[in-house]
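K.L.:
Right, I'll just put the structure down here and ask away after.
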Amino acid sequence: MKHLRKITLIVAVVALLFSVSCSKDDDASVDLATVEFAFDQSNPPIEQTVINNLINSENENASLAGTYLSTANLMTIWLSYFNQPSNAVQADSPIGGVCGNNSVTYTWTSTAGSESFTVAYQICETDDDYIFQVFWSVNGGDFEQIIYAEESKSELREGFMQLFATNPNAEVGSTVVLEYEWRESADGSFNYTVSNDEQSFLLEISVNADNSGSLSYSFDGALYYTATWDATGNSGTYAYYSDGEVTQSGSWSN
């Protein structure tokens, strides 16, 4: 279970943030100020009831599957930045070089003693996608991008989100701390991945229209764990791997 330590660390960091409700608007002609993201805490990528049933299972292998799935849903915590507070002001011009004049940018600042922290939330678009960016500035410094995301304008959800830092004290660079990617199919199935190049993990999830699904977890390019579950998460299968070979496998039923 050593690979869960990195997952636990991520959970501990992001648990300090809160998420708010928002939804996706597919109309490309709408005011960008009304465009919202595909997911939020009440509409996470993976059905939370299924995750809860897995985590609460008496079978530790089912609980492990639920832990991995909960890591996927932690994406929604970062979306607290995608909703500007009442004291936000609209900027006169976009930040960075991605968005042109057809964009909307909001900034807001909080202070603690002599420290100040400014957040900028920016939305723009291409012909096919909406672009969402979040920047922060500490003590009046230059804005640094911490989140970059794209969502398709099509009815079926498709997009990705990259996270470049987890807290204001972290060094912000071009390295992606976490990347989420998703694609919805016409039959209601949904593919979702969580990855990190630096920590070398890849979580691949496939969910069917009835919420049954499967996942695989790889570390340093090697497959470590796979699982399947039914529509409720009350039964499923699991397998552990080493050097590409199954070392343990079985099933559970609550």
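The values are calculated or read from the model by the stated rules, or taken from the named source; none is laboratory data. These numbers were taken from a predicted model, which means no experiment stands behind them. Every residue, glycine among them, receives a Cβ derived from its backbone with ideal geometry; neighbour counts consider all protein chains shown. Surface accessibility is based on the protein's heavy atoms, side chains included, excluding ligands, DNA and RNA. Shrake-Rupley method; radii C 1.70, N 1.55, O 1.52, S 1.80 Å.
K.L.:
Please give the FRET efficiency for residue 234 paired with residue 183, using the beta carbon to beta carbon distance and R0 = 30 Å, rounded to the nearest 0.05. Before the final figure, lay out the partial values.
P.N.:
Details: r = 27 Å, r/R0 = 0.90.
Rounded to the nearest 0.05, the efficiency is 0.65.
K.L.:
Tell me, what is the FRET efficiency for residue 98 and residue 176 to the nearest 0.05, using R0 = 22 angstrom and their Cβ-Cβ distance as r?
P.N.:
Numbers: r = 16 Å, r/R0 = 0.72.
So the FRET efficiency works out to roughly 0.90.
K.L.:
Using a 1.4 angstrom probe, figure out how much accessible area the chain has per residue, in square angstrom, rounded to the nearest whole. Please report the intermediate quantities before stating the final value.
P.N.:
Numbers: 12370 Å² over 254 residues.
That works out to 49 Å² per residue.
K.L.:
Okay, moving on. Just to verify a number: FRET efficiency for residue 210 and residue 127, C-beta to C-beta distance, R0 = 25 Å, to 0.05?
P.N.:
Details: r = 34 Å, r/R0 = 1.37.
In this case the efficiency is close to 0.15.
K.L.:
Which option, (i) 21.4; (ii) 14.8; (iii) 13.7, is the value of mean projected area of the Cα convex hull in nm² that was calculated from these coordinates?
P.N.:
Calculated mean projected area of the Cα convex hull in nm²: the matching label is (ii).
K.L.:
Which is the longest stretch in the chain that no exposed loop site breaks, taking sites as GluC sites (Glu not before Pro) with a DSSP loop state and at most 16 other Cβ atoms within 10 Å?
P.N.:
Numbers: sites that count: 58, 155, 171, 198.
Maximal segment without exposed cleavage sites: 59-154.
K.L.:
So how far apart, in nm, are the two label points at residue 198 and residue 52 if each is 7 Å from Cα heading toward Cβ?
P.N.:
For residue 198 paired with residue 52, the spin-label model returns 3.4 nm.
K.L.:
Give the shape of segment 186-254 as rounded, prolate or oblate, defined through the alpha-carbon gyration tensor: a ≥ b ≥ c are the square roots of its eigenvalues, a/c under 1.5 means rounded, and otherwise the shape is prolate if a/b is larger than b/c and oblate if not. Present the calculation step by step, with values, prior to reporting the outcome.
P.N.:
Values: a/c = 2.86, a/b = 1.24, b/c = 2.30.
Oblate shape, in that a/c is at least 1.5 and b/c is the bigger or equal ratio.
K.L.:
For 223, 69, write out the residues from largest to smallest accessible area, computed with a 1.4 angstrom probe and no ligands counted. Before the final figure, lay out each step's value.
P.N.:
Details: 223 60, 69 0 Å².
The ordering from most to least exposed comes out as 223, 69.
K.L.:
Still on this structure, please answer the following. Ignoring ligands, DNA and RNA, what percent of the accessible area of the chain is carbon or sulfur (1.4 Å)? Write out the running numbers ahead of the final one.
P.N.:
Values: 5550 of 12370 Å².
The computed percentage sits at 45.
K.L.:
A follow-up question, please. Taking only Cα atoms, what is the 0 to 90° angle, nearest 10, from helix 60-73's long axis to the longest principal axis of the chain?
P.N.:
20 degrees
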